[in-house]
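The values are calculated or read from the model by the stated rules, or taken from the named source; none is laboratory data. Predicted, not measured: the structure shown is a model, and the values here were computed from it. Counting neighbours? That spans all protein chains shown, and the Cβs are built from the backbone with ideal geometry, glycine included.
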Amino acid sequence: MTRLAKIYLVAVLVFLYLPILVMMAMAFNRSALYEMPFTFDLVWFKALMENERLLQASWNSVWIAAVNAVIATALGTLAAYAFARYEFRLKGLLQLLLFPPITIPWLIIGISMLIFFFWVGIGRGLHAILLGHVALSLPYVIVVVGARLRDVSVQLEEAAATLGATPQQTFRRVTLPILAPGVIAAALFAFAVSFDQFVISYFLAAPGTSTLPVEIFTAIRKGFTPEINAISTIIILVSMSLMLLVARNYRFGGER
Amino acid sequence: MNKQSRQAWTIFGLTAPAYFWLTITVLLPLTAMLYFSFLTATPIGGKEASFTLKHYIGFFEKHIYRYNAWRSIQLGLFVTSICLMLAYPAALGLAKVIKGRWREAIFLLIILPFWSNALVRTFSWTMVLREPFDILYTYPAIVIGLVHAYLPYAILTIYVSLQSIDDSLIEASRSLGATRWQAFYRIMLPLSMPGVLAGIFLIFVPVIGSFMEPRILGGKQAIMLGPIIESQFTALNNWPLGAALSFIMLAIVLIILGISTPLIKPYLEKSS
Amino acid sequence: MSRVDVEGATKNYGPLKALDGVTIHFTDGEFFGLLGPSGSGKTTLLRAIAGFVELDTGAISFDGERVEAVPVHRRGIGMMFQSYALFPHLTVNENIAFGLDVRGTPRDEIAHRVQEMLTLVRLPGLGGRKPKQLSGGQQQRVALARALITRPKVLLLDEPLGALDRRLRQEMQVELREIQRETGITAIFVTHDQEEALTLSDRIAIINDGRLMQTGKPQEVYENPVSVFAAQFLGDSNILRGAAIDGGLRLADGTMIGTSGPCGGVAIVRPEKISVQGGLGAARGNALRGDVLQAVYTGASVTYRIRTAALGDVPLLAFAQNQTGELLSPGSAVTASWDAAHTVPVTP
């Protein structure tokens, strides 16, 4: 039985990773049209360095993701704290409201933001994209931090109070340090969500400036340039490393 | 200020920033979109627009929209069922057969692609599907791309729900005389239903709303509601129609989920 | 080291009366046990004294000064939690120093007093470790040191020994008591373990349904319970019900039972006060005759359950010291007798 399970799981893994590995391999292949034999070459990565558009878009993606991480983590942590420590009537409703961004198709969310932003004058552009990304990241941050908060038992905060610590001192010296791994995990998560986000960015991007996924999409639709392979390889490695960091941090960070 | 109202202010202060953000980025936009769907034309650049139901009516009158909606639903059903069928054995193997460090490692490996860039993953399929398989720009290509994208999700939800089933339940059933198949069918399967259902909800909805995968992998075969809606906002510049179609899509999703919930309730009750 | 007074404490959670007008006075320097079943309100009372629970009505004072409006962190209490609540991210030294740290105490004074504490709780040298590296008993002592270092007015303990195994528990009980005597601090602890309450306390209170059932020295409360509840919660008892007569009560079958005081028709007698003799001969004091239903050998003693005509379906419970190594077998006719002085009248 174990062998069967192992074989099946390996097959699933092959299915999941095959196209990615092929793409990464092609990024290092000199031929522009996937012709074999395989000759190792960094030509496409070099070409990437000269591609102004892609570089600008990469930079946009990175700083939006970073700012998004900071904002979403800050707002989300506060909200998660409220959910974990207090009972109040609206709580159920508020928790329900976290679902739309993740359950409604991003197509619809993106479109509605486009409509609304135009109407009220916010318009399109990087600032609009940032607004959208934070909204998407918030539910994830609240869930991740919320889970970690459950580990910071109320008794620890009560103990601190009995020892004479004011609520602020308690938060700074006890709650926050223990919460830290969860907050960091949430921030990395938010960064990844924003960095990889395509649909919302697509609708909210102004012509001329956009994020990396949007640029890649446009390039794919126009016709293929092998630099896409190179940048895609880089992106995938960045995303996956980020996620590995989250997994590590979340699992091993802090003791009970 | 007494303790009660101090507490209320604290709660408000903690939750307000996040929810204010969500209001202006999700709630108000959805409302705005609803309003838009009743306008005759995109009211931008000074254009006049008045109230109309024509977009909604158009959905029911024009065959093409209903055809596309049906194609989207079909796609959703296909992708969801294939995902579940492939995911269940994988989740089962991972939860009950593989043990120890391997389990964690394989689990992480399965989840990792899911949390990486969806666009890039879809793009990577264009290489493989072009040669040697040569099925790019076909319907099956779209299905493969979507299954690849959402399979980890299904494995995750089913795995989590299987994990929570105590091994001693299976052992108890075996000691009472059940064969392995019976133990699975009567105990494990019903108890894992919440995970399966979570998977269904989390896959079906995004698939119906997808447009990126159909466009990249399907080309002209991307005859679905998602791409049509998208084109209202890019090439065709008919925002009200796009808005109306979006709500229709939401309605379709809600109706389907609404119909299936009563069918699902008995399963959920059995397992709890 | 303070006196703590609680007057008329009431706390409702919706329809549930957690505390129903509890008045209780804790003397300076005593080790006081709050005993009661789960949900009795004992923990609510403790937490109200700590400041985590706000009373609906009633007053709490430390040394005569009212504290209900004082927030937890300014009450000057020390508290030990069932889960120890040691800060996982701080070392043992830092945990213990916490109370002084947040007050801005100078570094060298902190270091000095932490060492003092480690010695007091007998954990020298473990200062650099993290809580998760310590055993349950060691964590317990760190929690104690941490609570005592600030020289609080009163020490509150919430089922502190609940998580320990039997042997460790008994050791810790002894140490806790010694440390409390050494420091002279007023200690109030909550437990549902009656043995613990009897062993550790200078005085105990039995609480049930948010109300104070009985207060007094352990011996007093045990030998002279005032109610059926107190009699049954603390130790075992046989309940005797009948018609009240002068000097005692008369059971359903006519047997007369003498009591230690005026009786309203209900009295109890504890199993260890009853001697069991084979045969149906004469006996001094109160006596009931019947046959042995069950004889359980527990090493140092034998527990007899005896069916009597007087008590009907309810067996009489008796503990006999195992002086001869022989049991009276089930079915044999016996006489159970005890002193009227040990028959305590109680309210039903």
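Exactly one of these conditions fails for residue C:91: (1) surrounded by 15 or more Cβ atoms within 10 Å (Cβ to Cβ); (2) touching a strand residue (DSSP E or B) at 6+ places or on another chain (Cβ under 9 Å). Give me its number.
Condition not satisfied by residue C:91: (2).
Name, by its number, the condition in (1) part of a helix (DSSP H, G or I); (2) buried (at least 23 other Cβ atoms within 10 Å of the Cβ); (3) more than 14 Å from chain B (Cβ to nearest Cβ); (4) modelled with pLDDT of 90 or more that does not hold for residue A:182.
Result: residue A:182 passes all but (4).
Assess whether residue C:284 counts as being among the basic types (Lys, Arg) and not in a loop (DSSP other than H, G, I, E, B). Give the steps one after another, and end with the answer.
Numbers: among the basic types (Lys, Arg): yes; not in a loop (DSSP other than H, G, I, E, B): no.
Spelling it out, it is not the case that residue C:284 is among the basic types (Lys, Arg) and not in a loop (DSSP other than H, G, I, E, B).
Report, by residue number, each residue of region A:233-250 that is within 8 Å of another protein chain (Cβ to nearest Cβ) and touching a Lys or Arg at 6+ places or on another chain (Cβ under 9 Å).
Selection gives A:236 alone.
Report every pair of residues separated by at least 6 positions or lying on different chains whose Cβ atoms are under 7 Å apart, first residue within region A:204-229 and away from every other protein chain (no Cβ under 11 Å) and in a strand (DSSP E or B), second at pLDDT 85 or above and surrounded by fewer than 23 Cβ atoms within 10 Å (Cβ to Cβ).
A:206/A:124; A:206/A:125; A:209/A:60; A:209/A:125; A:209/A:126
Going through B:141, B:198, B:178, B:149 one at a time, which residue ends up being within 24 Å of residue A:239 (Cα to Cα) and small (Gly, Ala, Ser)? Full working, then the answer.
Values: B:141 fails: within 24 Å of residue A:239 (Cα to Cα); B:198 fails: within 24 Å of residue A:239 (Cα to Cα); B:178 fails: within 24 Å of residue A:239 (Cα to Cα).
Unique residue meeting the criteria: B:149.
Consider residue A:164 carefully, then state whether it is surrounded by fewer than 22 Cβ atoms within 10 Å (Cβ to Cβ) and more than 9 Å from chain B (Cβ to nearest Cβ).
The answer is no for residue A:164.
Can you name the residue in region B:115-134 that is more than 7 Å from chain A (Cβ to nearest Cβ) and either in a loop (DSSP other than H, G, I, E, B) or modelled with pLDDT of 80 or more (or both) and, of all such residues, is surrounded by the fewest Cβ atoms within 10 Å (Cβ to Cβ)? Break it down into steps so the answer makes sense when it comes.
Within region B:115-134, the subset more than 7 Å from chain A (Cβ to nearest Cβ) is B:122, B:126, B:129-130, B:132-134.
Now narrow it down to the ones that are either in a loop (DSSP other than H, G, I, E, B) or modelled with pLDDT of 80 or more (or both): B:122, B:126, B:129, B:132-134.
Numbers: B:122: 25, B:126: 19, B:129: 20, B:132: 6, B:133: 13, B:134: 10.
By that ranking, first place goes to B:132.
Please find, among B:80, B:15, B:25, the residue that is β-branched (Val, Ile, Thr) and touching a Leu at 6+ places or on another chain (Cβ under 6 Å). Even if it seems obvious, please write down each step before you answer.
On the way: B:80 fails: touching a Leu at 6+ places or on another chain (Cβ under 6 Å); B:15 fails: touching a Leu at 6+ places or on another chain (Cβ under 6 Å).
B:25 is the lone residue from the list that is β-branched (Val, Ile, Thr) and touching a Leu at 6+ places or on another chain (Cβ under 6 Å).
Would you say residue C:323 is outside any strand (DSSP E or B), surrounded by fewer than 20 Cβ atoms within 10 Å (Cβ to Cβ) and within 32 Å of the chain's Cα centre (by Cα)?
Values: outside any strand (DSSP E or B): yes; surrounded by fewer than 20 Cβ atoms within 10 Å (Cβ to Cβ): yes; within 32 Å of the chain's Cα centre (by Cα): yes.
Yes; evaluated as a whole, the condition is true for this residue.
For the subset of region C:194-229 comprising residues that are in contact (Cβ under 8 Å) with a residue 60 or more places away in the chain and among the acidic types (Asp, Glu), which member is farthest from residue C:241 (Cα to Cα)?
Selected residue: C:202.
So in region A:114-152, with the set limited to residues that are of a type outside the set (A, V, I, L, M) and at the interface with another protein chain (Cβ under 7 Å from one of its Cβ atoms), which one is nearest to the chain's Cα centre (by Cα)?
Filtering region A:114-152 down to residues of a type outside the set (A, V, I, L, M) leaves A:116-119, A:121, A:123-125, A:127, A:132-133, A:137, A:139-140, A:146, A:148, A:150-151.
Then drop every residue that is not at the interface with another protein chain (Cβ under 7 Å from one of its Cβ atoms), which leaves A:116, A:118-119, A:132.
Details: A:116: 24, A:118: 26, A:119: 28, A:132: 13 Å.
Among those residues, the one meeting the criterion is A:132.
Which condition number does residue A:39 fail, the rest of (1) in contact with a Phe, Trp or Tyr (Cβ under 8 Å, 6 or more places away or on another chain); (2) at pLDDT below 85 being met?
(1)
Name, by its number, the condition in (1) within 13 Å of chain B (Cβ to nearest Cβ); (2) modelled with pLDDT under 85; (3) in a helix (DSSP H, G or I); (4) exposed (fewer than 15 other Cβ atoms within 10 Å of the Cβ) that does not hold for residue A:25.
Among (1) within 13 Å of chain B (Cβ to nearest Cβ); (2) modelled with pLDDT under 85; (3) in a helix (DSSP H, G or I); (4) exposed (fewer than 15 other Cβ atoms within 10 Å of the Cβ), residue A:25 violates only (4).
Looking at region A:52-97, which of the residues that are surrounded by 22 or more Cβ atoms within 10 Å (Cβ to Cβ) and away from chain B (no Cβ under 12 Å) is modelled with the lowest pLDDT?
The qualifying residue modelled with the lowest pLDDT is A:57.
Specify the residue that is nearest to residue B:159 (Cα to Cα); the eligible residues are those in region B:174-195 that are surrounded by fewer than 17 Cβ atoms within 10 Å (Cβ to Cβ) and polar (S, T, N, Q).
Ranking the qualifying residues of region B:174-195, first place goes to B:182.
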